[in-house]
Amino acid sequence: MLPRKLGHRTIASASRSIRASPLLVEVAAVDPGTALRRLGSSAEGLPEEEASRRLEEHGPNVVATEVRHTSLRLFLRACGNPLVLLLALLATVSVLTGDARAAALMAVMIVLGVGLRFFQEARANDAAEKLRAMIRVTATVLRHGAPVEQPVTRLVPGDVVQLSAGDMIPADVRILACRDLFVTQASLTGESVPVEKADAAGKPSDGGALELRGLGFLGSAVESGTATALVVETGPRTYLGTIASTLTGEPVETSFDRGVSRFTWLMIRFIAVMTPLVFVINGATKHDWSEAFFFALAVAVGLTPEMLPMIVSVCLSRGALLMSRRKVIVKRLNAIQNLGAMDILCTDKTGTLTQDRVILERYCDVAGEPSDRVLGLAYLNSHFQTGLKNVLDRAVLAHKDLHAEVKVPDWRKIDELPFDFTRRLMSVVVETPEGEHRLICKGAPEVVAARCSAFERNGDVRPIAEMPSDLREEHDALARQGFRVLALATRDFEPRHIYSKDDEHELTLAGYVAFLDPPKETAREALDGLLARGVAVKILTGDNDLVGRKICRDVGIPTEHVLLGGEVENMSDAELAEAAEKTTLFARMTPGHKQRVIQVLQGRKHVVGFLGDGINDSPSLRVSDVGISVDTAVDIAKESADIILLEKSLLVVDDGVIEGRKVFCNILKYVRMGASSNFGNMLSVLGASAILPFVPMTPLQVLTNNLLYDFSQIPIPTDDVDPEQIAAPRPWSMGEITRFILFVGPCSSIFDYTTYFMMLTLFRCWDAARAPLFQTGWFVESLLTQTLVIHVIRTNRVPFLQSRASVPLLATSAGIMLVGIWLPTSPFGPALGFTRLPDLYWPLLGLTLLAYVVMTQIVKTRLHRRHWI
């Protein structure tokens, strides 16, 4: 089965196309001077003439250049469905043979089916346009050493740009020089915390090029600091450009699309076999090839599930309306069934399992015991530092009650030692209420600890050499639990005016503050609900595995099996498919890794949903069977998604899964009813054609029977669904449908043949002159049995007693059966070729209906017990 093909590429090659360019990785590994020479540039940038030449060579800095499909092309593609082509062919033949009523019915079905798909596809693929809109801004570029503002679209490889807080990084760049540079890469990696950048050389590790400190990527933004950077790749060759390339082209065929297509071809095969047989048998036995042709045409129409487009569209539209009341907006109607069929949901943890906000989770001394003193030091440090507060500072300052408790107005800032990448820490010097000067240092635990000569515990200060080994490892224990940890240390001084980085030594370690994006209160409940419904949840995150494990443990997701992005990169499709089945947490994942995991799971016959809200999630949203995003997501993610949640919660997804399964159950009811009934009728037609000296029903009677039966099924979208029918995922299964047709369909044929026997023997219809009586008797029995059996097929329980249909379905079923009884004696009877039936016919018909319902229920129950349906 694996590797699965995508056009001419395998899954691995398709997903691995989402990656940083080799040139970008190459210049990341060398020093800035070498990088400039590699790009044929200098620290003063490019001359204007050279920049113009390179613009001609490389093209504009635009990530996607998709050719928009015309309305005509979308319309022609919607008309290419095999069922639509079959209906069009039969409608054309009906017009040519004078059967305008059949042609009109099929034309209505064609309009519904084609119209639905056309309008869906006309609005479905604006993602690449959203990506292009992202870079309609300017950048500061050096030309002969002078900074000028240029449209980002005119940037070329070799340009030198200047970046500052608030700027979007305009291309894939190599950092040449920077100061206190923090970059937000959440749209590409999913990590909410800004990452440090520097001019240091490096090579990719498990996290890929996105983790290299010396690189910046189009689609990310500068949160703080300044930088000078060398443009290495532009447009479609950027990392974001490779993501954009996955959003163009033909829409991915989903589970629902494949299911409808397979069912359609199944019915076409039945028609291709049955119709010629009926034509040949009737022509050979009745010697009237013209009548045999019209009868065979009527049989083909009878076998065609012409109501399927309408039933599907009504079911899906009603489902979309109900889901909108549950905070779920459906963009693509087919996604409703895919949501119900989904057996694996892949999602990022941020905002789905977590609250999507960093909070100060723990503040403790060196022994891990809660410490208000450490919290107060952290608050003073964050309060008095200048510049842009990062998410960790904001999490500390969210404890507003500390402002009064610490008596902040009694403290006065003396000096500040800003953060830099060499030290990896920052300090403020404050004057205490007692008039002393105190340096409060905050930074990475291992860096701060290396500058400490003492530690404090329970008010007792002791030399750092006496610190027990288990206390030395306390910050590592917090990190292993998934926390982002900072250490706090202090040093007191006699008052003076000037402080320097040399004063950040001989510190006293006070303790640690630990931050976390905490799990949602509803996460565990939602996960339990999805698991109970047969939906496995897999976490695909760009964050590290320690944070992922922590969150998964908190919400009850087992983490015995974890895969990192580097491991995914080195696996074949077959190896990854095997590992993905049992893995619940995928960490340090790039967009290409996520997309590949989804595709290999699909290759294992899973229906896979993906929930995401960032640019990095767009390829996965597009390739999954059902892409789910939220109304607060970036535009690209929302355009790529099939379903939009008004609340980013798995509880809302759980509600959508239930509604999706209800929709599919009702679609499946029509498929089973129509296909099995039509198949049984055609078996009866074959036998009757072989033994009777006349056709068992006229073509007009066949079409009338089919029209009335179809009308009885119109309220199926309103029908109720038994709880056990939505307890597990419900994907399309051609095996189940075929078994249902082959075992249940012939049940009706048995009683058709008993009706034949009754009409031929009791009512002496062997004579061709009494053909109208035979045709009337079979018409009424055929219509009543297939209409009544709707209520047997719609449930796995005992019909009427354990499970009742909706009121509209009960009403139409009863109404059609009454019409069938009334029609032979109605004013329309003679025009349809009907005649009055004998009084003895009706009690015998009653016995036939009872026996038919009982037999069909027995067959259906046995099929269900053997898990064949």
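What the table below lists for this structure:
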| item | result |
| --- | --- |
| Where Leu563 falls short, out of the listed (1) more than 20 Å from the chain's Cα centre (by Cα); (2) at pLDDT 90 or above; (3) open to solvent by 20 Å² or more (accessible area, probe 1.4 Å); (4) of a type outside the set (S, T, N, Q) | (3) |
| When residues of region 581-606 are limited to those that are open to solvent by 10 Å² or more (accessible area, probe 1.4 Å) and of a type in the set (Val, Ile, Thr), the one modelled with the lowest pLDDT | Thr590 |
| Every pair of residues 6+ apart whose Cβ atoms lie under 6 Å, when the first sits in region 727-739 and is acidic (Asp, Glu) while the second is part of a loop (DSSP other than H, G, I, E, B) | Glu736/Ile869 |
| Residues located in region 607-632, provided they are at pLDDT below 85, under 24 Å from Val555 (Cβ atoms) and of a type in the set (A, V, I, L, M, F, W, C) | Val630 |
| Selection count, region 279-303, where residues are over 21 Å from Ala103 (Cα atoms) and surrounded by 16 or more Cβ atoms within 10 Å (Cβ to Cβ) | 5 |
| One residue from Val555, Val630 being among the β-branched types (Val, Ile, Thr) and touching an Asp or Glu at 6+ places or on another chain (Cβ under 6 Å) | Val630 |
| Residue check, Arg237 charged (D, E, K, R) and modelled with pLDDT of 80 or more | yes |
| Single match in Thr785, Thr795 (criterion: under 24 Å from Val685 (Cβ atoms) and touching a residue at least 60 places away in the same chain (Cβ under 8 Å)) | Thr785 |
| Residue match in region 616-625 (condition: of a type in the set (D, E, K, R), in contact (Cβ under 8 Å) with a residue 12 or more places away in the chain, open to solvent by less than 20 Å² (accessible area, probe 1.4 Å) and closer than 30 Å to Ala221 by Cβ) | yes |
| Odd one out for Arg54, checked against (1) modelled with pLDDT of 90 or more; (2) touching a strand residue (DSSP E or B) at 6+ places or on another chain (Cβ under 9 Å) | (2) |
| Which listed residue, of Val330, Val358, is open to solvent by 10 Å² or more (accessible area, probe 1.4 Å), within 23 Å of Thr632 (Cβ to Cβ), touching a Gly at 6+ places or on another chain (Cβ under 8 Å) and among the β-branched types (Val, Ile, Thr) | Val330 |
| Test: residue in region 780-791 that is among the polar types (S, T, N, Q) and over 16 Å from Gly745 (Cα atoms) | no |
| Residue match in region 437-446 (condition: among the charged types (D, E, K, R), open to solvent by less than 70 Å² (accessible area, probe 1.4 Å) and at pLDDT below 90) | no |
| Every pair of residues 6+ apart whose Cβ atoms lie under 8 Å, when the first sits in region 514-525 and is hydroxyl-bearing (Ser, Thr, Tyr) while the second is surrounded by fewer than 20 Cβ atoms within 10 Å (Cβ to Cβ) and in a helix (DSSP H, G or I) | Thr522/Leu651 |
| Exclusive hit being open to solvent by 20 Å² or more (accessible area, probe 1.4 Å) and modelled with pLDDT under 90, set Ser187, Ser220 | Ser187 |
| Residue list for region 709-721, restricted to those being within 16 Å of Ser813 (Cβ to Cβ) and either open to solvent by 30 Å² or more (accessible area, probe 1.4 Å) or outside any helix (DSSP H, G or I) (or both) | Phe711, Gln713, Ile714, Pro715, Thr718, Asp719, Asp720 |
| Restricting region 388-435 to residues that are basic (Lys, Arg) and under 41 Å from the mean Cα position of the chain (by Cα), the residue that is surrounded by the fewest Cβ atoms within 10 Å (Cβ to Cβ) | Lys400 |
| Pairs with Cβ under 6 Å, 6+ apart, first in region 745-769 and over 13 Å from Pro838 (Cβ atoms), second among the hydroxyl-bearing types (Ser, Thr, Tyr) and crowded, with 21+ Cβ neighbours inside 10 Å | Gly745/Ser676; Cys747/Thr856; Ser748/Thr785; Ser749/Ser684; Phe751/Tyr852; Asp752/Ser684 |
| Single match in Pro696, Pro731 (criterion: touching a Phe, Trp or Tyr at 6+ places or on another chain (Cβ under 9 Å), assigned to a loop (DSSP other than H, G, I, E, B), open to solvent by less than 20 Å² (accessible area, probe 1.4 Å) and not hydrophobic (A, V, I, L, M, F, W, C)) | Pro696 |
| Matching residues in region 157-183 - criterion: being at pLDDT 90 or above and more than 35 Å from the chain's Cα centre (by Cα) | Pro157, Gly158, Asp159, Val160, Val161, Gln162, Leu163, Ile175, Leu176, Ala177 |
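The values are calculated or read from the model by the stated rules, or taken from the named source; none is laboratory data. Predicted model, so just to flag it, every value in this text is computed and none were measured. All Cβ positions, glycine included, derive from the backbone under ideal geometry; neighbour counts span all protein chains shown. We work out accessible area using only protein heavy atoms, side chains counted, and drop any ligands, DNA or RNA first. Shrake-Rupley method; radii C 1.70, N 1.55, O 1.52, S 1.80 Å.
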